[in-house]
Amino acid sequence: MSAITIAVIDGQGGGIGAHIIEKLQKTLPESSLEKIEIIALGTNAIATSLMMKAGANKAATGENSIVHISRSADIIIGSWAITVPNSMLGELTPVMAAAISSSGAKKLLLPLPQQGIELIGVIPEPFPHMIDKLIDRIKRIL
């Protein structure tokens with residue numbers, strides 16, 4: 001069986017993606033970690049570097065990397081803003097958003113606040129609770 005590719009996409013400071021990767025590395029059983037490849041995809045070098053330090057297996061930066069990996073990833077993780085053109089203060093380009101949105105990957109998106117857009121029907125929760133739910137969902141997928 002080939003490895004499951006999980007792409008974690010983040011921008012700006014990379015803290016959200018780093019937290020997700022760190023939690024994946026700490027909480028998934030070793031048997032699951034052997035079956036997955038975590039790829040950190042940053043919209044900028046700072047975000048990529050922080051996610052790599054958090055324990056990603058591989059990392060890449062920029063539009064072309066995000067477009068390329070989105071085609072083959074099995075799971076894409078990030079804030080729901082990764083599907084919104086020009087989000088993250090413009091770091092997430094329309095090309096990136098289109099590639100992520102049209103990817104055949106299962107998308108696990110966190111409903112974090114995004115300027116000017118409000119998700120109706122989503123109950124606000126503290127970030128650590130959202131990460132715990134994300135990890136539980138990944139465990140069920142694996």
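Quick note: the coordinates plus some simple rules give every number you see, no bench work behind them. Note that the structure is predicted; figures quoted are calculated from it, not measured. Don't worry about glycine lacking a Cβ; one is built from the backbone with ideal geometry, like all the others, and counts go over all protein chains shown.
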Revision key, fill the gap. Counting only DSSP beta bridges fully inside the chain, the antiparallel percentage to nearest 5 is 5
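With only Lys, Arg, Asp and Glu charged, each at its Cβ (+1 for the first two, -1 for the last two), find how big the charge dipole of region 4-141 is about the Cα centre; round to the nearest 20 debye.
Details: 12 positive and 12 negative charges, 57 e Å.
With Lys and Arg at +1 and Asp and Glu at -1, about 280 debye.
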Study note, to complete from the structure: Simple SL model, points at 7 angstrom along Cα→Cβ for N57 and S72; separation in nm is 1.2
Exercise for review: For the chain, take the alpha-carbon Rg, divide it by the Kirkwood Rh, and send me Rg/Rh.
Suggested key: 0.93
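For region 38-82, which semi-axes, largest first and in whole Å, follow from the square roots of 5 times the eigenvalues of its Cα gyration tensor? Mind showing how you got there, number by number?
Details: eigenvalues 45, 27, 23 Å².
For region 38-82, the semi-axes come out at 15, 12, 11 Å.
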Practice item. Express in nm, to one decimal, how much length is gained between S31 and N64 on full extension, taking 0.36 nm for each residue of separation and deducting their alpha carbon distance. Key: 8.7 nm
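If R₀ is 25 angstrom, what is the calculated FRET efficiency for the pair I141 and E118, using the beta carbon separation as r and rounding to 0.05?
0.35
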Exercise for review: Take each of the peptides 116-126, 36-46, average the number of other beta-carbon atoms within 10 Å over its residues, and list them starting from the highest.
Suggested key: 36-46, 116-126
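For A97, what charge total do you get from the other residues with a beta carbon under 15 Å from its beta carbon, if Lys and Arg give +1 and Asp and Glu give -1?
Neighbour charge sum, excluding A97 itself: -1.
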Exercise for review: Calculate the all-directions average of the projected area of region 74-115's alpha-carbon convex hull, and give it in nm².
Suggested key: 2.6
Revision key, fill the gap. Between the residues S79, I20, A105, the Cα farthest towards the positive end of the dipole of the chain, that dipole coming from +1 and -1 charges on the beta-carbon of Lys, Arg, Asp and Glu, is from A105
